[in-house]
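Chemist: Got a structure here, written out as structure tokens. Questions coming.
The values are calculated or read from the model by the stated rules, or taken from the named source; none is laboratory data. All figures in this text were calculated on a predicted structure; none of them were measured in a lab. Virtual Cβ from ideal backbone geometry, glycine too; neighbours counted across all protein chains shown.
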């Protein structure tokens, strides 16, 4: 799993790639919590290159969403692959998150 | 009949070995990629529960995974030697309560046709999972 963060000026883009599971979801959490600690006004998490995600990855994103919205920030998900979309659907979370087809569209209107 | 048996340490970094084996078996059972991905997720969640609850995070304990296809059914058995599971306490949570965590059992129950815990001796638990294969036709 690889993760990189890009400053968008009005927020941050977090690009995740590879497999997100119990072994590395704490790394994703650390990245998100660093941004949240600084009250980043908008966080876009690009999952376009994630080929697998388990419930620990989903839990990390739910926590990120709740923490960001708690201070009035925006939290957007971009680029769900079919496999990861299935996991969101199993968790019945597709209506809970703001989900965009790709990062470019998710960055619009931040 | 196609089968595998592997033993991994209870280290989360090793779960991809089980995921890969289960994915291969699903492919041999003729499952499409989406169905296969769900089975892999269910087995993975069961393994993470073993690590978190039966072994309380210890990374050097054994997890034994057996998989086989018999007829139109895929069978997965997971064995551990950790704290015994009380099946009456295994349940999924209310998904309307949106919060981090607690989704693993829901995923397993949603995906698999059977989930049954059994006592397997002095220590540990066996978890039996079954899935009827909707895409018939085993692959070589």
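Chemist: Filter region A:61-100 down to residues that are more than 7 Å from chain B (Cβ to nearest Cβ), under 25 Å from residue B:49 (Cα atoms) and buried (at least 18 other Cβ atoms within 10 Å of the Cβ), then give me how many there are.
Modeler: Adding up the residues that qualify gives 6.
Chemist: Next up: Report, by residue number, each residue of region A:82-110 that is in contact with a strand residue (DSSP E or B) (Cβ under 6 Å, 6 or more places away or on another chain) and not in a helix (DSSP H, G or I).
Modeler: Residues satisfying the conditions are A:97, A:98, A:99, A:100, A:102, A:110.
Chemist: Now for a different question. Scanning for something away from chain A (no Cβ under 14 Å) and either surrounded by fewer than 16 Cβ atoms within 10 Å (Cβ to Cβ) or at positive phi (or both), does region B:91-103 turn up at least one residue?
Modeler: Looking for residues that are away from chain A (no Cβ under 14 Å) and either surrounded by fewer than 16 Cβ atoms within 10 Å (Cβ to Cβ) or at positive phi (or both), one finds at least one in region B:91-103, hence yes.
Chemist: Here's something else I'd like to know. The conditions are (1) within 11 Å of the chain's Cα centre (by Cα); (2) over 18 Å from residue B:13 (Cα atoms), and residue B:24 fails exactly one of them. Which is it?
Modeler: Residue B:24 satisfies all of (1) within 11 Å of the chain's Cα centre (by Cα); (2) over 18 Å from residue B:13 (Cα atoms) except (1).
Chemist: Do you know which of the residues in region B:19-40 that are closer than 16 Å to residue B:66 by Cα and within 11 Å of another protein chain (Cβ to nearest Cβ) is surrounded by the fewest Cβ atoms within 10 Å (Cβ to Cβ)?
Modeler: If we take residues in region B:19-40 being closer than 16 Å to residue B:66 by Cα and within 11 Å of another protein chain (Cβ to nearest Cβ), then B:20 is surrounded by the fewest Cβ atoms within 10 Å (Cβ to Cβ).
Chemist: Restricting the search to region A:44-72, which residues are over 22 Å from residue B:96 (Cβ atoms) and without any contact (Cβ under 8 Å) to a residue 60 or more places away in the chain?
Modeler: A:45, A:47, A:48, A:49, A:50, A:51, A:52, A:71, A:72 - these are the residues of region A:44-72 that are over 22 Å from residue B:96 (Cβ atoms) and without any contact (Cβ under 8 Å) to a residue 60 or more places away in the chain.
Chemist: Return the residues of region A:7-30 that are assigned to a helix (DSSP H, G or I) and more than 21 Å from residue A:91 (Cβ to Cβ); say none if nothing qualifies.
Modeler: If the condition is that a residue be assigned to a helix (DSSP H, G or I) and more than 21 Å from residue A:91 (Cβ to Cβ), then A:30 is the only one that fits.
Chemist: Taking residue B:69 as the residue in question, decide whether it is surrounded by 15 or more Cβ atoms within 10 Å (Cβ to Cβ), modelled with pLDDT of 95 or more, within 11 Å of another protein chain (Cβ to nearest Cβ) and not in a loop (DSSP other than H, G, I, E, B).
Modeler: no
Chemist: Could you please give the count of residues in region A:37-49 that are more than 11 Å from the chain's Cα centre (by Cα) and buried (at least 21 other Cβ atoms within 10 Å of the Cβ)?
Modeler: Total meeting the criteria: 1.
Chemist: Okay, moving on. Only residues that are in contact with a helix residue (DSSP H, G or I) (Cβ under 6 Å, 6 or more places away or on another chain) and in a loop (DSSP other than H, G, I, E, B): list them for region B:91-105, please.
Modeler: B:92, B:100, B:101, B:103
Chemist: Here are some conditions: (1) surrounded by fewer than 22 Cβ atoms within 10 Å (Cβ to Cβ); (2) in contact (Cβ under 8 Å) with a residue 60 or more places away in the chain; (3) under 10 Å from the mean Cα position of the chain (by Cα). Residue A:107 meets all but one. Which one does it not meet?
Modeler: Condition not satisfied by residue A:107: (3).
Chemist: Another question about this same structure. Quick one: is residue B:7 part of a loop (DSSP other than H, G, I, E, B) and surrounded by fewer than 18 Cβ atoms within 10 Å (Cβ to Cβ)?
Modeler: Spelling it out, it is not the case that residue B:7 is part of a loop (DSSP other than H, G, I, E, B) and surrounded by fewer than 18 Cβ atoms within 10 Å (Cβ to Cβ).
Chemist: If you don't mind, there's one more thing I want to ask. Quick test of your reading of the structure: residue B:113 fulfils all but one of (1) out of contact with any strand residue (DSSP E or B) (no Cβ under 7 Å at 6 or more places or on another chain); (2) surrounded by fewer than 19 Cβ atoms within 10 Å (Cβ to Cβ). Name the failing condition by number.
Modeler: Unmet condition: (1).
Chemist: For region B:41-61, which residues satisfy the criterion of being assigned to a helix (DSSP H, G or I) and more than 12 Å from chain A (Cβ to nearest Cβ)?
Modeler: Residues satisfying the conditions are B:53, B:54.
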